[in-house]
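Submitted below is the structure of interest, expressed as structure tokens.
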Amino acid sequence: MTATTTELPELAVGPFFYEDLGNHRYRSTVHAQGAWNEHEQHMGPATGILVHELETFQPREDLRMARVSLDILGIIHGGEFEVQARMIRPGKTIELIEAEMVSGGRTAIIARAWRLKTGDSTPVAALEDASVEHPENLPEFTGMQVWPGGYIQALEFRQEEGHRPGKGVVWLRNPYKMVSSDTVTSDVVRLLGMVDTANGVAPRVEPGPESWIFPNVDLQIHMHRTPVGEWLGLEVQQSYGDDGIGLTSAILHDVHGPFGRSEQILTVRPMPGSKRARGN
């Protein structure tokens, strides 16, 4: 589950996920360390730093992010990187913006966000997704201890009854700021910076040297309202097809109820070096 041939990067130190180096450059801490390889960043906080850049790029009070779409183009190296933001589609009521994470001259992630004009839709407001039990009433969830890496260790977990492989409700929160220079991390950045964890909270197979890997190559987040608070609830189900492709789907909750959904497409394959991978 860890890298043996790749030199570990120089990491920042502090009670935050990323050290702000100025001019949209950052250095990751161990709290952003991934679970598949120790020299990588986890996609959770990597999403958070990109949402931070999208949120602060040419902000408008009359628009909010309604969808964030992230594509992972390769290894998300730990250590130093930069984020480049740009306007793709300007408009009075709809905008499409983009943020690109670049490390070592190579693009690791491209994130795009639709910002839509807000208005009063109270007369027709309605939800089909039901609320789940609040985290304060739930026991600690220890199932994430099978995952290595600094990011997972940074989180607190609670679970709802009925959790099983492939399906379950797990709440999580963390005590860290996203960026060292921020006085306060916004709720949107904090919560979206944990959504990628959905892929690991109810896996169909337990990770291990003779098991399977199922990393996601994307993360799609749709929000029908702005999330608030420090707790993120993940109502997850995970499906594997028979041709090496899977899907993790989640209803996203804060303490006020459901606020959106996420999807992650997975590449499902035997753990490298395992008997299955060697064809034994």
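I'd like to know how segment 153-248 sits against the 2.2 N^0.38 Å rule of thumb: what's its Cα Rg over that expected value?
Normalised Cα radius of gyration, segment 153-248: 1.19.
Considering only DSSP beta bridges whose two residues both sit in the chain, what percent are antiparallel, to the nearest 5? Write out the running numbers ahead of the final one.
Numbers: 77 of 80 bridges.
Antiparallel bridges: around 95 percent, rounded to the nearest 5.
Which aspartates and glutamates, on any chain, are close to residue 177 with Cα under 19 Å apart, when same-chain ones fewer than 8 places away are left out?
Residue 177 reaches 19, 20, 53, 55, 80, 82, 156, 187, 196, 230, 254.
Pull up all non-local amide H partners of residue 109: gap of 5 or more, or a different chain, and H-to-H distance under 5 Å with H placed in the peptide plane.
Under 5 Å from the amide H of residue 109: 73, 101.
OK, next. In a GNM of the chain with a 10 Å cut-off on Cα contacts, which of 100, 133, 80 has the highest mean-square fluctuation?
133
Mean projection of the alpha-carbon convex hull of segment 1-148 over all orientations, in nm²? Spell out each step's value before the answer.
On the way: hull surface 49.4 nm².
If you wrap the Cα atoms of segment 1-148 in a convex hull and average its projections, you get 12.4 nm².
Now, a different point. For the chain, what is the accessible area per residue in Å², given a 1.4 Å probe and the full set of protein chains? The partial results should precede the final answer.
Working: 13230 Å² over 280 residues.
Per residue, the chain has 47 Å² of solvent-accessible surface.
Here's something else I'd like to know. What distance in nm separates the two pseudo spin-label positions at residue 142 and residue 217, each 7 Å out from Cα along the beta-carbon direction?
Each label point lies 7 Å from its Cα, and together they span 3.8 nm.
Just the number: Rg to Rh for segment 104-195, Cα atoms, Kirkwood Rh, two decimals.
Numbers: Rg = 17.5 Å, Rh = 17.0 Å.
Computed over Cα atoms, the ratio is 1.03.
Test of understanding: what is the full-extension gain from residue 73 to residue 106, defined as 0.36 nm times their sequence separation minus their Cα-Cα distance?
On the way: separation 33, 0.36 × 33 = 11.88 nm, distance 0.93 nm.
That pair, residue 73 and residue 106, stretches by 11.0 nm at full extension.
Considering the chain as a Gaussian network with a 10 Å cut-off on Cα pairs, which listed residue, 134, 253, 24, attains the greatest mean-square fluctuation?
With Cα springs under 10 Å in the chain, the top fluctuation among 134, 253, 24 is at 24.
Which lysines does residue 92 reach when only Cα atoms under 17 Å apart count, and residues fewer than 8 places away in its own chain are ignored?
Candidates past the 8-residue exclusion: 117.
Let me ask something else about it. Mind checking which of 191, 234, 11 has the largest fluctuation in a GNM of the chain, springs on alpha carbons under 10 Å?
Most flexible of the set in this elastic network: 11.
For the chain, state the semi-axes of the equivalent ellipsoid (square roots of 5 times the eigenvalues of the alpha-carbon gyration tensor), sorted largest first and rounded to whole angstrom.
Details: eigenvalues 158, 116, 65 Å².
Square roots of five times the eigenvalues give 28, 24, 18 Å.
What does the charge count near residue 145 come to, summing +1 for each Lys or Arg and -1 for each Asp or Glu among other residues with Cβ under 13 Å from its Cβ?
Details: positive: none; negative: 140, 156, 206.
So the environment of residue 145 carries a net charge of -3.
Take residue 205, project a point 7 Å from its Cα along the Cβ direction, then tell me which residues of segment 257-274 have their backbone nitrogen under 15 Å from it.
Label zone hits: 266-274.
Would you mind computing, in nm to one decimal, how far apart the modelled labels at residue 187 and residue 89 are, each placed 7 Å from Cα along Cα→Cβ?
2.8 nm
What's the carbon and sulfur percent of the chain's accessible surface, probe 1.4 angstrom, rounded to a whole number? Please report the intermediate quantities before stating the final value.
Working: 6570 of 13230 Å².
Looking at the chain in its full context, I get 50 percent from C and S.
The values are calculated or read from the model by the stated rules, or taken from the named source; none is laboratory data. Note that this is a predicted model, so its numbers are computed, not measured. Neighbour counts are summed over all protein chains in view; Cβ atoms, including those assigned to glycine, are modelled from backbone coordinates with ideal geometry. For the accessible areas, the whole protein counts, side chains as well, though only heavy atoms, and no ligand, DNA or RNA atoms are used. Shrake-Rupley method; radii C 1.70, N 1.55, O 1.52, S 1.80 Å.
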